[in-house]
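What follows is one structure encoded as C-alpha cells, with my remarks underneath.
The values are calculated or read from the model by the stated rules, or taken from the named source; none is laboratory data. Since the model is a prediction, treat every value here as computed from it, not as a measurement. Methodologically, a virtual Cβ is constructed for each residue, glycine included, from the backbone with ideal geometry; neighbour enumeration extends over all protein chains shown.
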Amino acid sequence: MEINDIISSGLLELYVLEKTNEQETIQVQSWKATYPEVAQELLAIEYSLEQYDRAHAVVPSAEVKNKLLSKIMSKSDDRSIPSISIPAPVRSINNFWKYAVAASIILLIGSSILTVNYYDKYKSASNDLAIAESKIQAQESTIASLNSNLEVPLNNYSQQVVLKGTPSSPSSTAKIFWLRNSGDVYIEASGLPEVPKGSQYQLWAIIDGKPVDAGMIMLDNNGKKYNIQKMKSFGSVQAFAITLEKEGGSPTPTMEKLTVISTL
Amino acid sequence: MQISKQQYTEHELVSSLKDRDEKAFSYLYNNYNISLNGVIFMLVNDVTLAEDILQEAFLKIWNNIDLYDDTKGKLYTWMRRIAHNLALDTMKSSQYKNQNRIVTNESVLTNIAVNNNVINKFESNDFRRKLEFLDEKQQILINMSYYQGYTQKEIAKELEIPEGTVKTRIRSAIIELRKIFT
C-alpha cells in the first residue's frame, strides 16, 4: 500500500479513536513503525482532534473540581490511616473527626478563595458595565442636545437676533432664535465670556422701554458649555440684552454689567 | 484564579501525575476539563450527567495514569478515550437503554446548537469562528465519528452514502481542520 493510500484510507482516524479491530490495529501499528509519515499523520490527527474538542468545549461547574480534589485527598488519607494503626475505637473516631474537620476546613478555605475571587470578578465586571452604561448615557444626552440645538435654528419661523458686545465687553456675542409663530425665545450663549463664580448671565427683554426678566442662562451639566436653551416667551420685544448678575438673577438689570445687547 | 502558574511539558506532567502530585492533577484538570466535558456533553446531552461522568473520568485518569503509554499517542487522546468510553457506557447502561442511540443529522446538529449555548466563554469563540469554515456535511461527519462514536461503516449506513465517500469527507474535514487550527 502506498503511503498516500494509507493516509487517505480513514483507518488512521479510526485508530486514534480506538475504533479499529484487532487486525486493523496491528496493521496501523506496523505502518506507524515503518513510515515516519504515518507516525506524523497520526500525531496530526490527534492534534486536530484536540483542537476540535477545544472548539466544542463546555465549561463544567466549579463544584466538579472541588469534589475531585477532595476525593483525591481523602484517598491519600485512607492510605495513611492503617499505618497509624490505632487499636482503640474511640481514637479512631477522633481521627475520623480530625480528617473530617481538616477536609472541611480545606474545602471551606478553597470555597472562600473561590467566592472572593468570583466576587472580585463580578465586581469588576459590574463596574465595567456601569462605566459603559454611563458613557452611553452621556453620549445619548449629547446627541439629544445636539439634535435640539439643530431643531431651533432650522425651524421655519425662526428669526435670528444677534446680540453684540457692549464697550465693556466688545468681543462678546450671543444669538437669539425667536420663533415668530409661538413667541418662543431660544438663546445660544456660547459667545459670552466665562462666567465668574457666584455669577450668572440673565437675559432681559426690553418691552415698552422697560427691561423684563427673560430667564437665567444655564450652563450644561459639566458647567462648561452653553447649549441652545429655551427662555421666556414674548410676542413683541424692542430689544434683548444680557447682563451678568449674581447667581439666581436679579429683579432689575445691573446696567454696568451689561454684556451684550440687540436692537430689533 | 491561578493556584499554580507552573507550566508542564506533557512528559513532565505525566511523570508528576505518576508521582501522585496533586498540583499536577489540578493543572491537568484546569487544562482539559472543558474539552473533555464537551466531548461527554456532546454524547449525553445533559449538563448534570456530563459533569458526573467528567468527575468519574478524571478519577479514572488519576487512578490509571500508570497505564498511559506515551509511545501510543498523546496524553489528551488517551484521556479523551477514557471520557468518551465512560460516556458511551452510560448511554448503553440500563437507564439509557430505551433511548435510541440512532442519531439523525438533525439531532447531531441540535447537539451542536445546544453546545453553542454553553460554550466556554474564555477561549473558544475564536475556535468556533474558525470551525464555521467547515461545511455542514463535514461537521456532521466529524461529530458522528468523533463524538457519537460511530464507525465509518455505521455513518455510511446511517446517512445512506457510500463508505468511500464518508472516508473522503472525514479526511478532507481533517485536512481543513488542520489548516484552520495551525
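Applying a threshold of 6 Å to beta carbon distances and a minimum spacing of six or more residues, or different chains, the list of pairs starting in the stretch B:135-149 at a residue that is more than 10 Å from chain A (Cβ to nearest Cβ) and ending at one that is outside any helix (DSSP H, G or I) and of a type in the set (A, V, I, L, M, F, W, C) reads B:GLN148/B:VAL103. In the set (1) part of a loop (DSSP other than H, G, I, E, B); (2) farther than 21 Å from A:ILE261 by Cβ, the condition left unmet by A:SER169 is number (2).
Among the criteria (1) within 11 Å of chain A (Cβ to nearest Cβ); (2) at pLDDT below 95, the one B:ALA57 does not fulfil is (2). Does A:LYS175 satisfy the criteria of being among the basic types (Lys, Arg) and either modelled with pLDDT under 85 or not in a strand (DSSP E or B) (or both)? Answer is no for this residue.
Being under 18 Å from the mean Cα position of the chain (by Cα), closer than 24 Å to A:TYR52 by Cβ, surrounded by fewer than 17 Cβ atoms within 10 Å (Cβ to Cβ) and in contact (Cβ under 8 Å) with a residue 60 or more places away in the chain is not true of B:VAL39.
Taking A:TYR52 as the residue in question, decide whether it is out of contact with any helix residue (DSSP H, G or I) (no Cβ under 7 Å at 6 or more places or on another chain), within 19 Å of B:ASN31 (Cβ to Cβ) and surrounded by 15 or more Cβ atoms within 10 Å (Cβ to Cβ).
Working: out of contact with any helix residue (DSSP H, G or I) (no Cβ under 7 Å at 6 or more places or on another chain): no; within 19 Å of B:ASN31 (Cβ to Cβ): yes; surrounded by 15 or more Cβ atoms within 10 Å (Cβ to Cβ): yes.
The answer is no for A:TYR52.
Scan the stretch B:42-68 residue by residue and report those that are touching a residue at least 40 places away in the same chain (Cβ under 8 Å) and either hydroxyl-bearing (Ser, Thr, Tyr) or under 14 Å from A:SER61 (Cα atoms) (or both). Listed by number, the residues that qualify are B:VAL47, B:LEU49, B:TYR68. Residue pairs whose Cβ atoms lie under 7 Å apart, separated by 6 or more positions or on different chains, with the first residue in the stretch B:16-36 and at the interface with another protein chain (Cβ under 8 Å from one of its Cβ atoms) and the second among the aromatic types (Phe, Trp, Tyr) and assigned to a helix (DSSP H, G or I), are B:PHE25/B:TRP62; B:TYR29/B:PHE58.
Return the residues of the stretch A:180-195 that are among the small types (Gly, Ala, Ser) and farther than 22 Å from A:GLY235 by Cβ; say none if nothing qualifies.
Taking the stretch A:180-195 and keeping what is among the small types (Gly, Ala, Ser), we get A:182-183, A:189-191.
Across the stretch A:180-195, the qualifying residues are A:ALA189, A:SER190, A:GLY191.
Scan A:ALA57, A:ALA44 and give me the residue that is within 30 Å of B:ASP46 (Cβ to Cβ) and either facing chain B (nearest Cβ under 7 Å) or modelled with pLDDT of 85 or more (or both). First the steps, then the outcome.
Values: A:ALA44 fails: within 30 Å of B:ASP46 (Cβ to Cβ).
Within the list A:ALA57, A:ALA44, the selection yields A:ALA57.
So which residues in the stretch A:219-232 are part of a loop (DSSP other than H, G, I, E, B) and modelled with pLDDT under 85? First the steps, then the outcome.
Initially, the stretch A:219-232 is screened for residues part of a loop (DSSP other than H, G, I, E, B), giving A:219-228, A:231-232.
Selection gives A:LEU219, A:ASP220, A:ASN221, A:ASN222, A:GLY223, A:LYS224, A:LYS225, A:TYR226, A:ASN227, A:ILE228.
In the stretch B:84-93, the condition of being hydrophobic (A, V, I, L, M, F, W, C), at pLDDT below 55 and in a helix (DSSP H, G or I) is met by no residue. B:LEU67 meets all of the listed conditions (1) over 23 Å from A:GLU41 (Cα atoms); (2) more than 9 Å from chain A (Cβ to nearest Cβ); (3) crowded, with 16+ Cβ neighbours inside 10 Å but one, namely (3).
Across the stretch A:1-58, the number of residues qualifying as aromatic (Phe, Trp, Tyr) and closer than 26 Å to B:LEU134 by Cβ comes to 3. Scan A:LEU150, A:LEU163 and give me the residue that is outside any loop (DSSP other than H, G, I, E, B), under 25 Å from A:SER236 (Cβ atoms) and of a type in the set (A, V, I, L, M). Criteria check complete, one pass: A:LEU163.
Remark: A:GLY183 falls outside the filter, which requires a residue to be surrounded by 12 or more Cβ atoms within 10 Å (Cβ to Cβ), in contact with a Lys or Arg (Cβ under 8 Å, 6 or more places away or on another chain) and part of a loop (DSSP other than H, G, I, E, B).
Looking across the stretch A:4-26 at every residue that is surrounded by 14 or more Cβ atoms within 10 Å (Cβ to Cβ) and charged (D, E, K, R), the one that is nearest to A:GLU50 (Cα to Cα) is identified as A:GLU13.
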